[in-house]
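One structure is given here, and the rest of the page talks about it.
The values are calculated or read from the model by the stated rules, or taken from the named source; none is laboratory data. These numbers come from a predicted model, not from an experiment. FYI the Cβ positions are ideal-geometry reconstructions off the backbone, even for glycines, and counts take in every protein chain you see.
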Amino acid sequence: MAGEEFVVTPWKVEGVVDYDRLIERFGTQPISDELMERLLRAAGERHHLLTRRIFFSHRDLDKVLDDWEAGRGFFLYTGRGPSGPMHIGHIIPFYFTKWLQDRFGVNVYIQLTDDEKFLEEERGLSLEETRRWAYENALDIAAVGFDPDKTFIFQDTEYIGNIYPLALKVARKINFSWVRAVFGFNHQTNIGMTFYPAIQIVPSLFEKRRCLIPAAIDQDPYWRIQRDIAESLGYYKTAAIHSKFLPPLTGPTGKMSASKPESAIYLSEDPKSVRKKIWQAYSGGQPTKELHRKLGGNPDVDVAYQWLYYFFEPDDRKVEQLREDYRAGKILSGEMKEILIEKVTKFLEEHQARREEAEEKLRLYKYEGKLAKEMWGKTYE
Ligand code: TYM
């Protein structure tokens, strides 16, 4: 299926994504072995999202490491568009960002774009709804366990006064033809959407040092614009590290979507529905057990294996063994699913327990922690 047409924008993913071609299309860089090892050495620990190239592409990651080694430091920025409950794919960049924060001891800024999800008219959400989802999603993000002194979580409709002056300066550098070309806007697009990119760019300018943005590659179009204007405003071009998409349960095309609840597992789901959804997931197995034993399965399209590889089985040796045994027909699709069910259930159980305790933490991240207090005292000019 590779080579077929596919689409990746901040709002949609269609077809089977060819990530090598996407690197060319977007003009980003693959993470070379050398750069990956340099990052892991600086971090002092390995991480399977890097060694397995789930984070596979970047912009200026080498410069982030130069800055780090020279003592200039850097900061992290990521975000969430609160359009509904978060699924497992959405939380992966946050767990990775926490790992980077732990390893490098740097500040993290997290933007909740309740404005963006209201402006996307096709979603049909009211502003009250996106604000409420911002709060619900923030609890999931707080459950990830960022450093309360070095993390600021903010919601656009609340924090806008502090960033509006800088958003204006960013907005004046971007004309309509440019955002139309980058985002595919047209004459029916509401004018809120055409201004919105300025709002998503601003947090990359929160400090006068290099920003590193961990996110899936769908968000890269914003960073492309940022990098063309940042220096003219006296800031650093942002760096970025891009991940692939955790594939939908329904098969290798497109992405998990709220309009197809069977395609994703949400962070709030209970063990029963996790089991049901994973049992129905797309598999790389043969039609019968006998054929599977004889011919083996295809781990490259088996969603249960893919989820273990992407995130849920950090042990490289084990994941390699699963791959080989599945190929050889020693492991059946149902057995692969059982392994995943156990991992996902445990992950969600732990995440949900941390979420129960997250309200107080969220107050620190939003208002009362060291970084949060500093941020409310600032206006970004
Ligand atoms: P949103 O809410 O669509 O996505 C939140 C984060 O999840 C990533 N993502 C995925 N990662 C792995 N597998 C998937 N299947 C998957 N689907 C989504 C997204 O890339 C993102 O990192 N406009 C943004 C909100 C935002 C933002 C940011 C995101 C504002 N500032 C800075 C990243 C960095 C949005 O709607 O994200």
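Among the residues making up region 305-361, those that are assigned to a helix (DSSP H, G or I), surrounded by fewer than 20 Cβ atoms within 10 Å (Cβ to Cβ) and basic (Lys, Arg) are Arg317, Lys318, Arg323, Arg327, Lys343, Lys346, Arg354. Consider region 70-100 and keep the residues that are in a loop (DSSP other than H, G, I, E, B) and of a type in the set (A, V, I, L, M). The one that is farthest from the ligand (Cβ to nearest atom) is Ala70.
Which is more than 28 Å from His47 (Cβ to Cβ) and of a type outside the set (Lys, Arg), of Tyr305, Tyr235? Outline the logic, then answer.
On the way: Tyr305 fails: more than 28 Å from His47 (Cβ to Cβ).
Being more than 28 Å from His47 (Cβ to Cβ) and of a type outside the set (Lys, Arg) holds for just one of Tyr305, Tyr235, which is Tyr235.
Of the residues making up region 234-243, not a single one is part of a helix (DSSP H, G or I), under 18 Å from the mean Cα position of the chain (by Cα) and of a type in the set (A, V, I, L, M, F, W, C).
In this entry, Ala281 is excluded by the filter for residues that are buried (at least 18 other Cβ atoms within 10 Å of the Cβ), assigned by TED's automatic domain parsing to the domain that holds Lys63 and not β-branched (Val, Ile, Thr). If we scan region 122-142, do we find a residue that is within 15 Å of the ligand (Cβ to nearest atom), modelled with pLDDT under 95 and not aromatic (Phe, Trp, Tyr)? Scanning region 122-142, I find at least one residue that is within 15 Å of the ligand (Cβ to nearest atom), modelled with pLDDT under 95 and not aromatic (Phe, Trp, Tyr), so the answer is yes. Listed by first and then second residue, the pairs linking a residue in region 59-79 that is hydroxyl-bearing (Ser, Thr, Tyr) to a residue that is within 16 Å of the ligand (Cβ to nearest atom) and in a helix (DSSP H, G or I), with Cβ atoms under 8 Å apart and 6 or more places separating them unless they lie on different chains, are Tyr77/Pro203; Tyr77/Ser204; Thr78/Pro93; Thr78/Phe94; Thr78/Thr97.
I need the helices (runs of 4 or more DSSP H) fully contained in region 110-208, keeping only those with at least 1 residues that are in contact (Cβ under 8 Å) with a residue 12 or more places away in the chain and small (Gly, Ala, Ser).
127-142, 156-171, 191-201
The requirement of being surrounded by fewer than 18 Cβ atoms within 10 Å (Cβ to Cβ) and at pLDDT below 95 is fulfilled nowhere in region 220-233; no residue meets it. The number of residues in region 32-57 being more than 17 Å from the chain's Cα centre (by Cα), closer than 21 Å to Lys98 by Cβ, part of a loop (DSSP other than H, G, I, E, B) and not basic (Lys, Arg) comes to 2.
Filter region 105-148 down to the residues that are among the polar types (S, T, N, Q) and under 18 Å from Met193 (Cα atoms) and list them by number.
Narrowing region 105-148 to residues among the polar types (S, T, N, Q): 107, 111, 113, 126, 130, 137.
Gln111, Thr113, Ser126, Thr130, listed by residue number.
Scanning region 11-31 for residues that are outside any loop (DSSP other than H, G, I, E, B) and over 16 Å from Ser243 (Cα atoms) gives a single hit, Glu14.
Every residue, every condition in (1) away from the ligand (no atom under 12 Å from the Cβ); (2) under 27 Å from Leu100 (Cα atoms); (3) not assigned by TED's automatic domain parsing to the domain that holds Leu125, yes or no:
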{"site": "Ile213", "(1), (2), (3)": "no, yes, no"}
{"site": "Gln219", "(1), (2), (3)": "no, yes, no"}
{"site": "Arg224", "(1), (2), (3)": "yes, yes, no"}
{"site": "Ile229", "(1), (2), (3)": "yes, yes, no"}
{"site": "Ser232", "(1), (2), (3)": "yes, no, no"}
{"site": "Tyr235", "(1), (2), (3)": "yes, yes, no"}
{"site": "Ala239", "(1), (2), (3)": "yes, yes, no"}
{"site": "Lys244", "(1), (2), (3)": "no, yes, no"}
{"site": "Tyr266", "(1), (2), (3)": "yes, yes, yes"}
